[in-house]
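Structure first, commentary second.
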Amino acid sequence: MSQTIQPRGGKTAGARRARACLTALCGLLAALFLASFVLGRYDVPLSQVARILLSRLLPLERTWAPNMEAAVISIRLPRIALACLVGCCLSLAGTAYQSVFQNPMAAPDILGASSGACFGAALAILLGFPRGGITGMAFAFSLLTVALVYVIGVRTRGSRVVSILLAGVMVSSLFSAGTSFIKLVADPSNQLPAITYWLMGSLSGTRLADVGFALIPMAIGAAPLLLLRWRINILTLGDEEAATLGVNTGALRLVVILCATFLTAASVAVSGMIGWVGLVIPHLSRKLVGNDCRYLLPASMLMGAGFLLLVDDISRNLLTTEIPIGILTAFIGAPFFIYLMTRRGNVL
Amino acid sequence: MSLSVQNLSFSYGERPVLEGISFSLEKGEFLSVLGPNGVGKSTLFRCILGLLTGYQGCILSGGEDMRSLSRREMSRRIAYIPQINRPSFGYSVLDTVLMGTTRQLSVFAQPQRAQVRQAMEALDRVGAAHLAERDFTRLSGGEQQLVLVARAIAQQAGILVMDEPTSALDYGNQLRILGLVRELAAEGYGVLLSTHNPQHALTFASRILALADGRVAALGRPEEVLTQALVHRLYGVNAAFAETQGGRMLVPLMD
């Protein structure tokens with residue numbers, strides 16, 4: 001047998017590179033995570049940050065002021081954790097949507113999942129639902145919009161890539177109109193500000209309880225995707241080819257769409273509409289580790305977490321007044337989308 | 001594992017496409033399907049692959065009705081080699097071939113070293129082991145088709161189904177792929193292959209299934225059933241046969 005018969009350790013050069021990238025991403029995210037605690041109006045040195053965080057796990061002597069502990073644990077930790085979680089979930093959802101729709105342009109916002117979730121949340125706020133009801137409505141409408149987009153996209157003649165995108169644009173604008181109508185009739189003293197907060201997308205005022213609240217649906221959405229990551233590769237071949245390889249495409253596609261929508265809805269429910277992360281990060285991750293979901297899914301989770309954390313650091317430190325993070329991600333994401341569309345040799 | 005199609009009929013709505021198709025495919029056989037555009041070759045293949053199920057008649061594999069089998073069980077029996085197309089996302093050649101081993105894995109599992117070995121052996125079999133690390137989407141058409149054949153080999157099914165695998169290939173690659181497929185049939189695979197070129201069937205196949213107007217127009221050994229009359233009936237072309245040192249050649253007679 002020739003030398004190429006056994007790639008070293010059963011891994012190709014591409015796979016080894018992808019693993020190295022994942023390790024590097026882990027390190028970068030950890031560094032950024034720690035550094036984010038230092039940033040802020042109230043000064044806490046890095047050495048104290050480390051001690052305060054460790055003191056939650058180990059019995060350490062208190063060498064820091066109570067104010068420092070409050071800033072790190074009550075204010076910065078929830079926000080940093082939530083930025084990581086939301087970034088991780090949105091970009092994982094985007095990657096999963098792209099594979100399932102065999103469409104490099106699919107993303108939670110393009111497919112209407114985000115605008116559906118916003119409509120659902122706005123409706124729930126208008127109807128005075130409790131917090132769980134808001135999340136539930138965000139999820140239900142998110143799912144409804146993705147289902148609508150899928151059905152319309154499949155029934156449209158012509159290129160499926162384009163028709164799903166167009167269906168997404170149409171359904172999104174339908175639900176945006178619905179959201180605008182709700183804003184019109186909402187009580188301007190309390191309901192309207194709550195709805196506006198959602199639409200702008202912000203992580204300010206996050207409490208530790210919010211993180212716990214988001215963590216469970218996020219874990220439920222992410223775990224199946226990670227477990228199914230080899231099979232998600234097969235779905236990108238298209239239904240018929242995937243079926244002849246022994247994959248139950250209908251069930252697999254449904255599970256992946258449900259999970260990705262769950263992730264989107266859970267993110268939107270706690271942070272409002274933060275656009276573009278689910279499109280930009282999957283693409284950057286594909287550039288870095290390739291299209292193999294075995295590496296791509298973990299890479300987009302790590303990159304998404306790091307990206308949103310970085311953008312949130314900017315959003316809370318750049319100006320004296322905080323810039324809503326959704327505005328910043330749009331400033332970065334929209335030009336990137338234009339770049340993708342106009343790049344030479346792009347398949348669309 | 002043999003394949004037996006019995007009295008198969010299929011219609012899209014009111015329009016009948018296939019009527020009363022019967023034939024069987026044994027191990028080691030290379031059965032080439034001929035017929036004009038739109039005669040239902042692809043529909044026949046889609047029925048056999050279990051992608052269309054609303055047909056009358058039955059398709060048996062090893063005596064079992066294909067409609068009663070799970071996807072996984074079907075993929076253990078029949079491997080499909082599609083025409084080369086432009087995939088949405090590119091994978092390495094090794095990963096592409098590894099996808100053929102998916103049916104061996106449980107739902108949450110990932111390919112292990114054993115599957116990588118099978119994939120490399122399959123690549124080696126088609127003479128494409130040196131491409132393993134390359135990006136599939138950057139290969140030439142001929143190389144891509146070789147890799148898809150390797151994927152089917154890695155699937156370890158007894159029957160290979162190929163729908164016009166040569167239509168996007170140049171002259172040389174067409175002949176090399178068909179030669180490879182003939183070798184695979186000689187090794188024991190049952191091959192079902194549709195082609196637009198009756199010469200390919202004449203040169204490579206061990207049997208011909210000719211379809212006209214949704215029915216079987218001829219079924220048998222190429223040198224027996226591929227006649228001037230059949231070529232005219234299938235394609236509306238007058239042709240003559242010439243015996244050459246390379247075998248029997250079909251020569252179109254243009255006015």
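Can you tell me how much longer the chain between A:ASN67 and A:THR156 gets when fully stretched, taken as 0.36 nm per residue apart minus their C-alpha distance, in nm with one decimal?
26.1 nm
Can you tell which of B:GLY100, B:GLY236, B:ILE59 lies farthest toward the positive end of the dipole of chain B, using +1 and -1 charges on the Cβ of basic and acidic side chains (Lys, Arg; Asp, Glu)?
The one lying farthest along the dipole's positive direction is B:GLY100.
What is the Cα centroid distance between the stretch B:195-218 and the stretch A:244-310, reported in whole angstrom?
The distance from the Cα centre of the stretch B:195-218 to that of the stretch A:244-310 comes to 47 Å.
Given a Förster radius of 30 Å and the C-beta distance between B:ASP255 and B:GLU26 as r, what FRET efficiency does 1/(1 + (r/R0)^6) yield to the nearest 0.05?
That gives a FRET efficiency of 0.15.
Provide Rg and Dmax in Å for the stretch B:3-252, with only Cα atoms included in the calculation.
Answer for the stretch B:3-252, Rg first and Dmax second: 18.4, 57 Å.
Taking amide H positions as placed in the peptide plane 1.01 Å from N, state which residues far from B:GLN83 in sequence (5 or more) or on other chains have amide H under 5 Å from it.
It is B:ASP163, by chain and number.
On the protein heavy atoms, probe 1.4 angstrom, tell me the percent of accessible surface of chain B carried by carbon and sulfur.
Using a 1.4 Å probe with all protein chains present, chain B comes out at 47 percent carbon and sulfur.
Between B:ARG221 and A:ARG16, what is the FRET efficiency for a Förster distance of 56 Å, r being their Cβ-Cβ separation, to the nearest 0.05?
Rounded to the nearest 0.05, the efficiency is 0.60.
List the aspartates and glutamates whose Cα lies under 20 Å from the Cα of B:LYS27, skipping any in the same chain that are fewer than 8 positions away.
By straight Cα distance, B:LYS27 reaches B:GLU64, B:ASP65, B:GLU73, B:ASP163, B:GLU183, B:GLU187.
What is the magnitude of the charge dipole of the protein assembly as shown about its Cα centre, with +1 placed on the Cβ of each Lys and Arg, -1 on the Cβ of each Asp and Glu, and no other charges, expressed in debye to the nearest 20?
Rounded to the nearest 20 debye, it is 1080 debye.
Just report the Cα centroid separation between the stretch B:17-35 and the stretch A:39-78, whole Å.
75 Å
Treating only the Cβ of Lys, Arg, Asp and Glu as charged (+1, +1, -1, -1), what charge dipole size does the stretch A:233-348 show about its Cα centre? Round to the nearest 20 debye.
With Lys and Arg at +1 and Asp and Glu at -1, about 240 debye.
When the gyration tensor of the stretch A:26-340 is built from Cα positions, what are the square roots of 5 times its three eigenvalues, in whole Å, from largest to smallest?
Working from the Cα gyration tensor, I get semi-axes of 33, 24, 16 Å.
Ignoring ligands, DNA and RNA, what percent of the 1.4 Å accessible area of the stretch A:1-134 is carbon and sulfur?
66 percent
Could you tell me the calculated FRET efficiency between B:ALA168 and A:ALA334, based on Cβ-Cβ distance and R0 = 35 angstrom, to the nearest 0.05?
Efficiency, from the Cβ-Cβ distance: 0.40.
Can you give me the distance in nm between label points at B:VAL107 and A:ILE327, each placed 7 Å from the Cα along the Cα-to-Cβ direction?
A separation of 4.6 nm, rounded to one decimal place.
Is there a quick way to get the dipole size of the stretch A:26-340? I mean about its Cα centre, with the Cβ of Lys and Arg at +1 and of Asp and Glu at -1; what is the value in debye to the nearest 20?
Using Cβ point charges on Lys, Arg, Asp and Glu, the stretch A:26-340 gives about 180 debye.
Out of the stretch B:1-86, which trypsin sites (Lys or Arg not before Pro) are coil in DSSP terms and have no more than 15 other C-beta atoms within 10 Å?
B:LYS27
For the stretch A:257-271, just list the computed ³J(HN,Hα) in residue order, Karplus coefficients 6.51, -1.76 and 1.60, θ = phi - 60°, integers in Hz, with x standing in for Gly and Pro.
Per residue, the Karplus-derived 3J(HN,Hα) values read 5, 4, 5, 5, 5, 4, 4, 4, 4, 4, 5, 4, 4, 9, 10 Hz.
Determine the shape class of the stretch A:272-348: with a ≥ b ≥ c the square roots of the Cα gyration tensor eigenvalues, call it rounded for a/c under 1.5, and otherwise prolate if a/b is greater than b/c, oblate otherwise.
oblate
Taking every pair of distinct Cα atoms and averaging 1/r, then inverting, what Kirkwood hydrodynamic radius in Å comes out for the stretch A:1-149?
19.6 Å
Rg over Rh of the protein assembly as shown, using C-alpha atoms and the Kirkwood radius, what does it come to?
1.07
Can you list the HN-Hα couplings for the stretch B:216-230, worked out from phi with the Karplus curve (6.51, -1.76, 1.60; θ = phi - 60°), rounded to whole Hz and with x for Gly and Pro?
6, 8, 6, 8, x, 5, x, 5, 8, 9, 7, 10, 4, 5, 5
On average, how many beta carbons from a partner chain sit within 10 Å of the beta carbon of a residue in A:223-231?
Whole-number average of other-chain Cβ neighbours for A:223-231 is 3.
The values are calculated or read from the model by the stated rules, or taken from the named source; none is laboratory data. These figures come from a predicted structure and were not determined experimentally. All Cβ positions, even for glycine, are placed from backbone atoms using ideal geometry, and neighbour counts span all protein chains on display. Just so you know, the surface numbers come from the protein's heavy atoms only, side chains and all, with ligands and any DNA or RNA stripped out. Shrake-Rupley method; radii C 1.70, N 1.55, O 1.52, S 1.80 Å.
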